[in-house]
Amino acid sequence: MTVGLTETFEEPAFVPYLVAGDPGYEDSLAYVETLADAADVIELGLPFSEPIAEGPTIQEAIVRALEEGMTPERYLAFVRELSVETPIVCMTYYNLLYQYGDEPGPRPFVRAAARAGIEGFVVPDLPVEEADPLRAACDEFGLDLIFIVAPTTEGARLARIRELVSGYVYVQARMGTTGAREDVSGRTAASLARIDGWSVPKAVGFGIKTGEHAERIVRAGADGIIVGSALVEIVASGEDRAAVTDRIATKAAELKRGALAGDE
Amino acid sequence: MTAPTEGGRSARTEADGKYGAYGGQYVPEALMPAIEELTDAYERYVLDNEEGFIDEFRRRLADFGGRPTPLQRADQLSARYDREVYLKREDLLHGGAHKLNNALGQVLLAQYMGKDRIIAETGAGQHGTATAMAAAHLDMPCEIYMGETDIARQRPNVFRIRTNGAEVVPVTTGRGTLKEAISETMRDWAGTVENTHYVIGSIVGPHPFPALVRTFQSVISEEARRQARDRIGRLPDSVVACAGGGSNTMGAFDAFRDDDVALYAVEAGGSSLGVDQDRGVAPNSASLSTGTEGVLHGARTKLLQDGDGQIVESHSVSAGLDYAGVGPELAHLVDRGQVEPVAVDDDDALEAFHRLSQAEGIIPALETAHAFGYLETVSEGQADGLGEVVLVNVSGRGDKDLETVLEETADRELSVAPNMDVLRRAGGLGGGQADAADQGE
């Protein structure tokens, strides 16, 4: 297993998420590149028509991107075109990985993703039970495979995830779907405690919206924070590219500052 | 009645939830502990009858549900098709469809598991109705997710769900049909799984749902098989059932799987077969006949998808068949040649709706009408595999579809449709419907 992404968590990491192609290809390129200054890893969504783990904000972003013609092939072109040093992780659903290329299974997409410069995967509808083929493909092409640990994950499931995870572990802060919240769940500390001895960094996501949230999460023991909906909401505002770019940069800086403050 | 643990039944329940290449558990990690808990409950209560679960389920199915449902010889259809046509009357089950078999089983199971809230998705509204009834019967709070398109075209069932005291949550994403309703119910469950049971309505979703729902629905074929022996003195040559997700299909087939009985799954052919890659839609719901392998809603199965793996919008005049996927076990049986998938289009289904209503005095659900449509189309040809004795599963009654049928019939030239002049003259057709009726004349 590779450790490529692990190294990026030396200081509290800011891991933003945007949907590739939202609201259109060119705008989206600009927004993702804007994130690169503050971000330590970028989770870049490859939109799927049935995103069962997403709340309304990201569902709508996925619809916008699909309507503007985003496909797995264009996604790979998008990644190649990005001029960022920040590592890119592909977040998508299993059917798109499974269907790509001329052999069934995730291997062709993982190979193509590796060539495009992607460094890891998060696949929210792929629990460890079904993950062996993707883990094998990621190993073959030197990519990390990030798994989600939910508030309900315990016992044997934790042990199995610990065996398969690489890069970082995505700690789901609360139950439900993605989406920015006004508060941060009190279950985060308990979730972090359950995976205390793990060698991979722990990045917490689901509901983080402000620098103050970020600070609190890092203070609770997280190695990084994952923020999606709070950024996607800015894209969804419908303002012009310059205004959205500006607001994304401001929000990203706030979140990174918050994460760093949590470590002081 | 044969308990599900007897005979060869339990041997067919794949422990890992795999049906050949199909099945599995493709769901968010947050749901997996609940899936494991449900698997454990399925094995203990349903398969092993712990705490007398199955005994209570059977008793409630009889007292509350009205089981057993009759096996009836269809005299006019038998004469028309020159063969013995028998009907398994699931439309006479409480609620008017086979759906209660599963809904009652799962709500009762939720109670045994100590859950205190029920959620479910519904397409045609039959599963939502059955779940709302079962939840009222067992005194559990209940919320039903339903696409807005389906709410509009299945209003009688929305009234029934609300009348039984359950909430209806409109789903506005996508085209607002069953696919979106399932996705939205899964999202609710991801946040509420600790106290909530998701009563999935068909043999779809992650293991153990396909096995669990099939086990509850197999009462249909267990009864029919026994009734055929008693009444006809033999088994049917074939069983015909409509297939959307496939719960009435597997229910009607299950006990005949080891017999020399041909099994026909009739899918919704919609307006035409195939997937329109450019528009990303399928003008049908024929995933068994035309779908390709993929992963949707927790299972690997046959799907209507584009070349990239995006799920396409399906279509059928029948809301209950309007789904881009199908149960993994049914997909597997089709691949193995044990079940023959066939398709009946919207027009033939509507004709069959009217024919059965007029010939037998049974108004079928539009879903069910597809099964009778197959009987008609195949009987027009020469050779067929239906044989001398055909059993058709009447999965549900059509009261819920009368508005849809009135509108759809007016738009088409159907040989058997009645005209509704009497209603129009009395001013009983609303504006839009009167216009539609005019066009049909």
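At least 1 residues being open to solvent by 10 Å² or more (accessible area, probe 1.4 Å) and small (Gly, Ala, Ser) is the threshold, and among the helices (runs of 4 or more DSSP H) wholly inside the range A:88-204 those reaching it are A:107-116, A:132-141, A:155-164, A:187-194. Right, residue B:82: acidic (Asp, Glu), farther than 14 Å from residue B:160 by Cβ and modelled with pLDDT of 95 or more or not? It is false that residue B:82 is acidic (Asp, Glu), farther than 14 Å from residue B:160 by Cβ and modelled with pLDDT of 95 or more. Take the conditions (1) among the aliphatic types (A, V, I, L, M); (2) farther than 30 Å from residue A:160 by Cα; (3) crowded, with 20+ Cβ neighbours inside 10 Å; residue B:38 misses just one of them, which is (2).
Scanning the range A:230-264 for residues that are at pLDDT below 95 and either at positive phi or assigned to a helix (DSSP H, G or I) (or both) yields a single hit, A:238. Remark: residue B:322 falls outside the filter, which requires a residue to be over 17 Å from residue B:245 (Cβ atoms) and under 18 Å from the mean Cα position of the chain (by Cα).
Yes or no, residue by residue, for (1) modelled with pLDDT of 95 or more; (2) outside the structural domain of residue B:357 (by TED's automatic domain parsing); (3) open to solvent by 10 Å² or more (accessible area, probe 1.4 Å):
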site: B:55; (1), (2), (3): yes, yes, yes
site: B:76; (1), (2), (3): yes, no, yes
site: B:109; (1), (2), (3): yes, yes, no
site: B:115; (1), (2), (3): yes, yes, yes
site: B:123; (1), (2), (3): no, yes, no
site: B:133; (1), (2), (3): yes, yes, yes
site: B:139; (1), (2), (3): yes, yes, yes
site: B:147; (1), (2), (3): no, yes, no
site: B:152; (1), (2), (3): no, yes, yes
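Within the range A:3-37, how many residues are of a type in the set (S, T, N, Q), under 21 Å from residue A:263 (Cβ atoms) and either crowded, with 19+ Cβ neighbours inside 10 Å or touching a helix residue (DSSP H, G or I) at 6+ places or on another chain (Cβ under 6 Å) (or both)?
1
Checking each residue in the range A:85-114 for being closer than 21 Å to residue A:37 by Cβ and more than 16 Å from the chain's Cα centre (by Cα) picks out only A:85. Tallying residues that are within 14 Å of chain A (Cβ to nearest Cβ) and not hydroxyl-bearing (Ser, Thr, Tyr) within the range B:287-330 yields 24. Residue under question is residue B:243, and the condition is that it be away from every other protein chain (no Cβ under 14 Å), touching a residue at least 24 places away in the same chain (Cβ under 8 Å), open to solvent by less than 10 Å² (accessible area, probe 1.4 Å) and in contact with a Pro (Cβ under 8 Å, 6 or more places away or on another chain); does it hold? Taking the combined requirement at face value, the residue satisfies it. Per the conditions (1) assigned to a helix (DSSP H, G or I); (2) away from chain B (no Cβ under 14 Å); (3) among the polar types (S, T, N, Q), the sole criterion not satisfied by residue A:57 is (2). Against the conditions (1) at pLDDT 95 or above; (2) open to solvent by less than 10 Å² (accessible area, probe 1.4 Å); (3) under 28 Å from residue A:175 (Cα atoms); (4) not β-branched (Val, Ile, Thr), residue A:40 satisfies every one except (2).
The values are calculated or read from the model by the stated rules, or taken from the named source; none is laboratory data. Being a predicted model, the structure only gives us computed values, none of them experimental. Neighbour counts run over all protein chains shown; Cβ positions are idealised from the backbone, glycine included. Keep in mind that these areas ignore ligands, DNA and RNA; they rest on the heavy atoms of the full protein, side chains included. Shrake-Rupley method; radii C 1.70, N 1.55, O 1.52, S 1.80 Å.
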